[in-house]
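S.K.: Before we start, here is the structure in question, set down as structure tokens.
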Amino acid sequence: MKLYVFDKKLRLLALDALERIEMAVRVDVAHLLGRHDPCAHENPDCLHGNFAKRPIRNGKDAGKTQHQVWLEKYRQLLHRARREPFVQHHRDAYDGKLPIWVAIEVWDFGQLSKLFAGMRFED
């Protein structure tokens, strides 16, 4: 029983720490890219060339860039969150485009990490 309780406490502590790290990365990515362009996540010029301009050579996404694949997944996540009040507000008030500091709230951690990997080295 003691081992079970220890495991549960350790898991909760680890999840709490990971959640804090994820939130810090979200804030930093949104702030940094948002200074370049409010819609930097959709603008290939704000990202690394290998991510935004070089086509994938093989596989089901051959011919597309990693950014195009990322954008397809982003649009799926955005569609899933379409009923969220903050998404509806920005889509209605701002011609359908969400600034990065709003869009980042609908991404999962995988989406965040892929965009992070696609950022320019200097960023």
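The values are calculated or read from the model by the stated rules, or taken from the named source; none is laboratory data. Remember, it's a predicted structure, so these values are computed and weren't measured experimentally. Methodologically, a virtual Cβ is constructed for each residue, glycine included, from the backbone with ideal geometry; neighbour enumeration extends over all protein chains shown. With ligands, DNA and RNA removed, areas are computed over all heavy atoms of the protein, side chains included. Shrake-Rupley method; radii C 1.70, N 1.55, O 1.52, S 1.80 Å.
S.K.: Every residue in the range 74-106 that is of a type in the set (A, V, I, L, M, F, W, C), closer than 16 Å to residue 38 by Cα and part of a loop (DSSP other than H, G, I, E, B), please.
M.R.: Across the range 74-106, the qualifying residue is only 98.
S.K.: How many residues does the range 33-76 contain that are among the aliphatic types (A, V, I, L, M) and either more than 15 Å from residue 99 (Cα to Cα) or open to solvent by 40 Å² or more (accessible area, probe 1.4 Å) (or both)? Walk me through how you get there before you give the answer.
M.R.: Residues of the range 33-76 among the aliphatic types (A, V, I, L, M): 33, 40, 47, 52, 56, 62, 69, 71.
Still in the running and either more than 15 Å from residue 99 (Cα to Cα) or open to solvent by 40 Å² or more (accessible area, probe 1.4 Å) (or both): 47, 52, 56, 62, 69.
Here the count works out to 5.
S.K.: May I ask you to verify whether residue 74 is among the hydroxyl-bearing types (Ser, Thr, Tyr) and in contact with a Leu (Cβ under 9 Å, 6 or more places away or on another chain)?
M.R.: On the way: among the hydroxyl-bearing types (Ser, Thr, Tyr): yes; in contact with a Leu (Cβ under 9 Å, 6 or more places away or on another chain): yes.
Spelling it out, residue 74 is indeed among the hydroxyl-bearing types (Ser, Thr, Tyr) and in contact with a Leu (Cβ under 9 Å, 6 or more places away or on another chain).
S.K.: Kindly check whether there is at least one residue in the range 47-70 that is in a helix (DSSP H, G or I) and charged (D, E, K, R). So that I can check it myself, show each step before the final result.
M.R.: Within the range 47-70, the subset in a helix (DSSP H, G or I) is 49-52, 66-70.
Applying the additional criterion that residues be charged (D, E, K, R) yields none.
Scanning the range 47-70 turns up no residue that is in a helix (DSSP H, G or I) and charged (D, E, K, R).
S.K.: Do we find that residue 121 is under 19 Å from residue 33 (Cα atoms), outside any helix (DSSP H, G or I) and open to solvent by 70 Å² or more (accessible area, probe 1.4 Å) in this structure?
M.R.: On the way: under 19 Å from residue 33 (Cα atoms): yes; outside any helix (DSSP H, G or I): yes; open to solvent by 70 Å² or more (accessible area, probe 1.4 Å): yes.
Considered against the rule, which asks whether it is under 19 Å from residue 33 (Cα atoms), outside any helix (DSSP H, G or I) and open to solvent by 70 Å² or more (accessible area, probe 1.4 Å), residue 121 comes out as yes.
S.K.: Further, regarding this structure: Hey, among 29, 5, 25, which residue is over 24 Å from residue 108 (Cβ atoms) and either surrounded by 14 or more Cβ atoms within 10 Å (Cβ to Cβ) or out of contact with any strand residue (DSSP E or B) (no Cβ under 8 Å at 6 or more places or on another chain) (or both)? I'd like the intermediate steps shown before the answer.
M.R.: On the way: 29 fails: over 24 Å from residue 108 (Cβ atoms); 25 fails: over 24 Å from residue 108 (Cβ atoms).
Exactly one of 29, 5, 25 is over 24 Å from residue 108 (Cβ atoms) and either surrounded by 14 or more Cβ atoms within 10 Å (Cβ to Cβ) or out of contact with any strand residue (DSSP E or B) (no Cβ under 8 Å at 6 or more places or on another chain) (or both), namely 5.
S.K.: Write out, first by first residue and then by second, each pair whose Cβ atoms fall under 9 Å of each other, whose residues are 6+ apart or on separate chains, and whose first residue, in the range 56-68, is over 21 Å from residue 46 (Cα atoms) while the second is at pLDDT 95 or above and loosely packed, with under 10 Cβ neighbours inside 10 Å.
M.R.: Close Cβ pairs (under 9 Å, with a partner that is at pLDDT 95 or above and loosely packed, with under 10 Cβ neighbours inside 10 Å) do not exist here.
S.K.: Here's a follow-up. Within the group 47, 77, 71, which residue is of a type outside the set (Ser, Thr, Tyr) and in contact (Cβ under 8 Å) with a residue 60 or more places away in the chain?
M.R.: Working: 77 fails: in contact (Cβ under 8 Å) with a residue 60 or more places away in the chain; 71 fails: in contact (Cβ under 8 Å) with a residue 60 or more places away in the chain.
Matching residue, one of 47, 77, 71: 47.
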